[in-house]
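Below is one structure, written out as structure tokens, with a few remarks after it.
The values are calculated or read from the model by the stated rules, or taken from the named source; none is laboratory data. This structure is a prediction, so every number in the text was calculated from the model and none was measured. Note that we place each Cβ from the backbone using ideal geometry, even for glycine, and neighbour counts take in every protein chain shown.
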Amino acid sequence: MAKVVGGNTGSKVRKKLALFFLIGWILLIIGDRVDELRVYQGAQIAMYTIALASIVLLTGYSGQVSLGNGAMMAVGGYAAALTLNNLQTPIWSAFMMAILVAALFGAFLGLAAARLSGPYLAGTTLALAVGLPAIANQFSFLGGEPGLLFDVGFPPERFGEDFTQYKWFFWIATFIALIALFVTSNILQSRFGRTWRAIRGNSLAAELSGINASQLKVLAFSVSSGLAGLAGAVLAMTISLVAPGAYTLALSFALVTGAVLAGISSLPGVVLGGFILVAIPEIADALASSLGSEDKLNSYLPGLIVSVLLILSVIYTPNGPGENLRKHFHKKSAH
Amino acid sequence: MSLVVSNLSVSHGAISALRGIDFSVEVGQLAAVIGANGAGKTTLLRTLSGLKDAISGNATWKDREILGKRPDELVRRGISHVSEGKSVIPELSVKENLILGGIWRGKKSDTAEAINEVVELFPRLGERMSQSANTLSGGERQMLAIGRALVSRPKLLLLDEPSLGLAPIVIEQIFQTIDQLRHRLGLTVLLVEQNAMSALEIADIGVIINLGEVVATGPANELINDPALRAAYLGY
Amino acid sequence: MQKALETLLIGLSTGSIYALMSLALVLVWRSTRVINFAQAGQAMFSTYIGFEIATRSQIFWLGLLFAIVAGALLGAGVDYFFMRVLFKHANSGPALVVAPVIATLGLLGLIRSIVGLTWGGEFKSLTAPASKNGFTFGEVTIPFSPLDSLTIITVAVILIILALLFQRTNLGLALRASAYSPEIAQLAGIRTARTRTIGWAIAGGVGGVAGMLVTSYNFLTPYSLDLLLVFGFIAAVIGGLESMVGAVIGALVLGIGLTIILNYVGTSLVFIGGFSVLLLVLLIKPDGIMARGKVRRG
Amino acid sequence: MIRKTHGKRTWFAAAVLAAGSLLATSLPAHAETGVTSNSIKLGITLPLTGAASPGYSKIGNAMDAYFKYVNDNGGVYGRKITLVQKDDQYSPQLSIAKTNELILKDKVFALVGPLGTANFTAVHKSVGLPRRKVPALFLNTGFSGFANKKKFPTSFTILPSYAMEAKIVSQFLKENFAGKKLGLVYQNDEFGIDALGAFKDAGVKFDVSIPYTSGTQSAATAQTWVSQLASGGAQVVVFFGVTSATAPLLAVAAAAKYAPQWILGSVGSDPLTLQVLGVPVAVLNGALTPAGNPSPNDLTDEYVKQFQEINDKYNKAAFDDYVLQGMNLGLMTVQALRAAGPRLTRRGLIKAIENKGSTFASVAYSPLGYSRTSNVGHTGYYMAVMGPTGDRKPYGGKVTLYTTDSGKGPVVKSDFKRPAMPAKGLPNNS
């Protein structure tokens, strides 16, 4: 874990911890005021923020473009399901196992990835993302197409009768997301974050100044995969199921879109990215019903919106809208 | 009817490379552009040939503006630039490198004829037509680079340090060929060189650049004999 | 022994379709230094056009011609409108590496959605130009069919045409020169931007042929060419991405390799086999089998 | 200097944004969800696009057409039925998301004809239908696991289970193809494995048995199935899979001139769809298929004739098995809604089917098994043979109905006569 240097970062971390508690507390209150669909979507937003954080860390900081985060989410999801179903250990151990197994896979993939760059890495991870369902169908203990159950159990009785299952998912997902973002934020502000940025800037220069670039790239890949694995387990919890169909190429696309929209190198932006990814199907639904087109065409509308957003954002705000807004403010405040 | 450069300024991002460059070269003349390394000589050629955009000023060839035009447009108006450091394509054969210069004119027979002229000029190339360009020596590459430019039948030839990294006798041969060419084809040549003395010897006029500014310009023989300039820039 | 021959023949026919896709990817990579993930979308769109014409006219070859033209026009359009705008804007910061990859993926998604919205997602099946019944020698029927042989012949013809274009014509020389060193080509009078667009057009046309040939075997849906893109990429990487001959050889090696896995090992292992071949090549010989000493760190 | 990207200001803004999104909503109304004085809202998830869509995508529109017909003739006690269709592309994860939308956003009264074994298993568990007390009428899957009143209290099947179908096919094989070499190709998830178990129990041994994974079916994989079947010398081949797998199997077999006696499971055997997917019609000639309903082209059947009229007026789609099945689901649903009485509640609907469901009129020949302890619909099949155009005729000239259960019960030839169709196909039960 990051060595906390000097007094002020210590207090800074404490202040941020307090802030995170405050945010968590507010979200939980809101969770009670809202109908079940919004609560369920809240859990999905939390899941997306963790997944997008893994991309910000990997691509935004260490500069490695990967489409394999969807695949790492699957690894995490399956690991969590197998742990819960076979070892009957408490829920949190399933999530821990998801992180560990995914991080391990990430390290292995990172070894190959460290030797590649740009389009080669993207292409190889695209192959993984497209091929994952075949792998899941290959081993019978993974449950093939219908997949495995991942049952986190009903909310404890003491929360009362009308404490719905989805609110329970929302509590768990938000709790995990807050912890994950807190830890990631500290990692990114630590020595690791700085060296990753250096590698992204110019790996040659970084290497000359003594940074072992490939080793740190593998570490970045592993940590990012661990995060993605955790997000995969949270996704599995929200649908009580782990199946190849849940971790498709479309999910990897959506994650990349969310990360680019959120500003590929800004961590707080992941909340915005998560919100957009959950909002898009809603917008598509509203658009489709207003167009009066039957559901058949509707299934392509979200894809259209995601692609258009992805293209516009990568051309006009390559470093994310947050970046431009920040530049805008700086310009204003500088005058 | 000449190359006129007036008040030309160019910069690399924030760093200014050339400031207020003024000089002109009559048709058929050879102008030697002399100056220390990093004085801005290469930047001047890259701007005139369209590879680099200028910030201000203008340059006309035969009374038509040439700044802001793409290199392939300028080639069609007779301006060919042999860029710095053996500008040949190693993956292509010697013949293909030469043909490249003639593709834009579209007439295969005309290109073949131009290639024969180049082979007469540089017989060594003739022997190695089908060989891949990266098997050529430094001198042969320079000949090939100039050859390709000639196949485009230029009127104004921009040469960027042809002598770089060549043995003295090869330099002598290259300079003789340039001089012979100029008179035979009535070419206007802008020759950028660090090898000041041999350049000025075959030049009509000289342009001396230092730290991005023109410090002296005039007939080549005057510049050679001016003791102050010789001490400051010609090194003896 | 007969099964080995079958595997080789089918491997060649599958590999030859991969060759078209890997060739299209290499053509674009050499000229623009971008791996065009949207190639699958472009090929799929032109295949839908080809499908419409082929079904209406009942002539597969007319459909193929339209697919090539549609593919070429779309390819040129993507370069002229899409890539130029992209390079004008995304040219700084971490975006420089990320932008083309994400942009082409976004374009793939965009084309897929537009095709989905216009043609819908149902399966479309194309009347193949030749029968899929295996050749019969006496009473033995081998799974290698006239359609397979037709595929190999069509691809061979296209490869020959491309080889002649690149080696014997000025356009080919211009394409190669702009790919190897754009600056020198420009100084020699080549309009490199226009040449690059022509390169994209040729890649688009070749992709259209790949789409039509694959569709004569399987159904056509907005997703049916994704796997072809992945295998085309793997083949291009095996070949080293730098040489077109490498792309073709890489594709044939992959095609035969996967058919061996399909026939001798197991059907659903096909993808894992392809993926492990890719990882192996990237780890052991990152510059592919046609490496000419240039190290791939770019 | 690393830019300060994690200022507290941005964190707080991000949290408020997320919270804001959750607040913007209204609380649910208290009346019975999905029912108003003049309307009943029903929901269905089915593959409108994707691998399994050929054929199945027509069921939703057929049911909707039947509902429109009923609405134009007074609806159900004056209430008009609206059907919300959601495309789940036959993927469990998507069907969960779409069912969530149906229940939480569209607030439907009940689910009707959800399609797909794996999909409904996932939905039932993840969305928690029993806890929410949402009825799921007439599951469009034959998985025998659903025939369990305790585990699926609010769900009712309608198709005979794959286990019943396999037991009936086994009985048929023993009676007609004893001693022949047998081949089996099946989809290796609950759908196929359910049948496999029943074949084993019935003591039928297959010389060649080939599992395939849903989603991997293609011309290439079919090539390996055919070569295995041919080399194994299978004279009779039974197929338990979806239409998009039947098509390559039959096409490749025809191409390799391999022509065994095909026995196509009821699920993947619609002749029209098979032909659209490139299967030459000649191959279908002589193929056997267990069937619950009469042929969609048999105009001598009163149900088929009436449904075709409704289809011509309200649906205008090619009338095939899927449209017939969709309309029959509509007929059964309207009878259930009527049986639940004018004061419509979810509990009332479930009770009505338990008590009166077995008397409902349906196009299928076999009896309905609904009761307070059983949620099983039809319980039998007759064997049919496909003609030169792929159209279905009873094997041996007339319908010999076999009925059984999903368990160890015997296969019995039954002479049950299905109830007559209500006048003009408009239920008037109460």
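Going by the conditions given, is A:Arg200 loosely packed, with under 15 Cβ neighbours inside 10 Å and either out of contact with any Cys (no Cβ under 7 Å at 6 or more places or on another chain) or at pLDDT below 85 (or both)? Give the steps one after another, and end with the answer.
Values: loosely packed, with under 15 Cβ neighbours inside 10 Å: no; either out of contact with any Cys (no Cβ under 7 Å at 6 or more places or on another chain) or at pLDDT below 85 (or both): yes.
No; evaluated as a whole, the condition is false for this residue.
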Study note, to complete from the structure: Listed by first then second residue, the pairs whose first member lies in segment A:12-27 and is in contact (Cβ under 8 Å) with a residue 12 or more places away in the chain, whose partner is surrounded by 12 or more Cβ atoms within 10 Å (Cβ to Cβ) and not aliphatic (A, V, I, L, M), with beta carbons under 6 Å and at least 6 positions apart or on separate chains, are A:Phe20/A:Phe182; A:Leu27/A:Thr174
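Between A:Val271, A:Val260, which is at the interface with another protein chain (Cβ under 8 Å from one of its Cβ atoms), part of a helix (DSSP H, G or I) and over 27 Å from C:Val230 (Cα atoms)?
Values: A:Val260 fails: over 27 Å from C:Val230 (Cα atoms).
The match here is A:Val271.
Of the residues that sit in segment C:244-272 and are more than 27 Å from B:Glu91 (Cβ to Cβ) and more than 10 Å from every other protein chain (Cβ to nearest Cβ), which one is modelled with the lowest pLDDT? Give the derivation first.
At the first step, the residues of segment C:244-272 found to be more than 27 Å from B:Glu91 (Cβ to Cβ) are C:255-272.
Still in the running and more than 10 Å from every other protein chain (Cβ to nearest Cβ): C:255-257, C:260-261, C:264-265.
On the way: C:Gly255: 90, C:Ile256: 90, C:Gly257: 87, C:Ile260: 86, C:Ile261: 83, C:Tyr264: 78, C:Val265: 74.
The extreme case among them is C:Val265.
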Exercise for review: Run D:Gln235 past the list (1) touching a residue at least 60 places away in the same chain (Cβ under 8 Å); (2) more than 18 Å from D:Thr389 (Cα to Cα) and report the number of the one that doesn't hold.
Suggested key: (1)
Practice item. Residues being in a loop (DSSP other than H, G, I, E, B) and within 21 Å of C:Ile184 (Cβ to Cβ): count how many of those fall in segment B:1-58. Key: 5
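Within segment B:172-187, which residues are under 12 Å from B:Pro154 (Cβ atoms) and not in a loop (DSSP other than H, G, I, E, B)?
Our first condition is that a residue be under 12 Å from B:Pro154 (Cβ atoms); within segment B:172-187, this holds for B:181-182, B:185-187.
Residues satisfying the conditions are B:Leu181, B:Arg182, B:Leu185.
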Exercise for review: For segment D:171-204, name all the residues that are closer than 27 Å to A:Pro146 by Cβ and without any contact (Cβ under 8 Å) to a residue 24 or more places away in the chain.
Suggested key: D:Ile193, D:Lys200
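Can you go through C:Arg112, C:Arg30, C:Arg56 and tell me which one is of a type outside the set (S, T, N, Q) and at the interface with chain A (Cβ under 10 Å from one of its Cβ atoms)?
Numbers: C:Arg30 fails: at the interface with chain A (Cβ under 10 Å from one of its Cβ atoms); C:Arg56 fails: at the interface with chain A (Cβ under 10 Å from one of its Cβ atoms).
Unique residue meeting the criteria: C:Arg112.
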Point to revise | Lone unmet requirement of (1) out of contact with any helix residue (DSSP H, G or I) (no Cβ under 9 Å at 6 or more places or on another chain); (2) surrounded by fewer than 21 Cβ atoms within 10 Å (Cβ to Cβ) for B:Ala36 | key: (1)
Point to revise | Which numbered condition C:Thr151 misses (of (1) buried (at least 18 other Cβ atoms within 10 Å of the Cβ); (2) at the interface with another protein chain (Cβ under 10 Å from one of its Cβ atoms); (3) closer than 30 Å to A:Thr124 by Cα) | key: (2)
Check your understanding: among the polar types (S, T, N, Q), more than 10 Å from chain D (Cβ to nearest Cβ) and in contact with a helix residue (DSSP H, G or I) (Cβ under 9 Å, 6 or more places away or on another chain): does that describe A:Thr49?
Key -> no
Exercise for review: Name every residue in segment B:70-110 that is at pLDDT below 90, more than 9 Å from every other protein chain (Cβ to nearest Cβ) and closer than 15 Å to C:Ile190 by Cα, in order of residue number.
Suggested key: B:Lys107
Check your understanding: Out of curiosity, is D:Pro388 modelled with pLDDT under 90 and either of a type outside the set (A, V, I, L, M) or on the phi > 0 side of the Ramachandran plot (or both)?
Key -> yes
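From the list C:Ala193, C:Ala188, C:Ala179, which residue is at the interface with another protein chain (Cβ under 7 Å from one of its Cβ atoms) and within 30 Å of B:Thr47 (Cβ to Cβ)?
Numbers: C:Ala193 fails: at the interface with another protein chain (Cβ under 7 Å from one of its Cβ atoms); C:Ala179 fails: at the interface with another protein chain (Cβ under 7 Å from one of its Cβ atoms).
None of the others qualify; the one that does is C:Ala188.
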Revision key, fill the gap. Wholly inside segment D:6-101, helices (runs of 4 or more DSSP H) that include 1 or more residues that are modelled with pLDDT of 85 or more and surrounded by 19 or more Cβ atoms within 10 Å (Cβ to Cβ) are D:57-72, D:92-100
Practice item. Sort out which residues of segment A:300-312 are more than 7 Å from chain C (Cβ to nearest Cβ) and either free of Cβ contacts under 8 Å to residues at least 24 places away in the same chain or crowded, with 23+ Cβ neighbours inside 10 Å (or both), and write them in order of number. Key: A:Leu301, A:Pro302, A:Leu312
**Study point:** Selected residue [outside any helix (DSSP H, G or I) and closer than 26 Å to C:Trp61 by Cα] from C:Gly189, C:Gly207, C:Gly134
**Key:** C:Gly134
Exercise for review: Would you be able to tell me the number of residues in segment D:105-142 that are in contact (Cβ under 8 Å) with a residue 40 or more places away in the chain and either part of a strand (DSSP E or B) or not basic (Lys, Arg) (or both)?
Suggested key: 22
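Among the residues of segment C:86-98, is any within 14 Å of chain A (Cβ to nearest Cβ), of a type in the set (Gly, Ala, Ser) and not in a loop (DSSP other than H, G, I, E, B)? Quick ask: steps written out before the conclusion?
Residues of segment C:86-98 that are within 14 Å of chain A (Cβ to nearest Cβ), as a first pass: C:86-98.
Checking the rest, the ones that are also of a type in the set (Gly, Ala, Ser) come to C:90, C:92-93, C:95.
Still in the list and also not in a loop (DSSP other than H, G, I, E, B): C:95.
Yes, because at least one residue in segment C:86-98 is within 14 Å of chain A (Cβ to nearest Cβ), of a type in the set (Gly, Ala, Ser) and not in a loop (DSSP other than H, G, I, E, B).
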Check your understanding: Can you tell me which residue in segment D:97-135 is nearest to the other protein chains (Cβ to nearest Cβ), limited to those that are in contact with a Pro (Cβ under 6 Å, 6 or more places away or on another chain) and of a type in the set (Gly, Ala, Ser)?
Key -> D:Ala118
**Study point:** Criterion (in contact with a strand residue (DSSP E or B) (Cβ under 6 Å, 6 or more places away or on another chain) and either part of a helix (DSSP H, G or I) or not aliphatic (A, V, I, L, M) (or both)) met by exactly one of A:Ala231, A:Ala236
**Key:** A:Ala236
Review point. Taking segment C:57-85, which residues are outside any helix (DSSP H, G or I) and in contact (Cβ under 8 Å) with a residue 24 or more places away in the chain?
Key: C:Gln58
Check your understanding: Does C:Ser178 satisfy the criteria of being outside any loop (DSSP other than H, G, I, E, B), in contact (Cβ under 8 Å) with a residue 12 or more places away in the chain and within 22 Å of C:Ala4 (Cβ to Cβ)?
Key -> no
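When you check D:Pro160 against the structure, is it within 14 Å of chain A (Cβ to nearest Cβ) and closer than 22 Å to D:Pro47 by Cβ, yes or no? Talk me through it step by step, then tell me what you get.
Values: within 14 Å of chain A (Cβ to nearest Cβ): no; closer than 22 Å to D:Pro47 by Cβ: yes.
No: the conditions fail for D:Pro160.
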Practice item. Could you pull out the residue among C:Phe219, C:Phe231 that is within 8 Å of another protein chain (Cβ to nearest Cβ) and at pLDDT below 90? Key: C:Phe219
Check your understanding: When you scan segment D:365-430 for strands (runs of 3 or more DSSP E) that lie fully inside it, which ones turn up with 2 or more residues that are within 23 Å of the chain's Cα centre (by Cα)?
Key -> D:368-370, D:375-378, D:380-386, D:392-394, D:401-403
Exercise for review: Considering every residue within segment D:270-277, establish whether at least one is touching a residue at least 40 places away in the same chain (Cβ under 8 Å), under 30 Å from D:Lys417 (Cβ atoms) and not hydrophobic (A, V, I, L, M, F, W, C).
Suggested key: yes
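For segment A:50-57, does any single residue satisfy the condition of being under 16 Å from the mean Cα position of the chain (by Cα), among the hydroxyl-bearing types (Ser, Thr, Tyr) and at pLDDT 80 or above?
Yes: segment A:50-57 contains one or more residues that are under 16 Å from the mean Cα position of the chain (by Cα), among the hydroxyl-bearing types (Ser, Thr, Tyr) and at pLDDT 80 or above.
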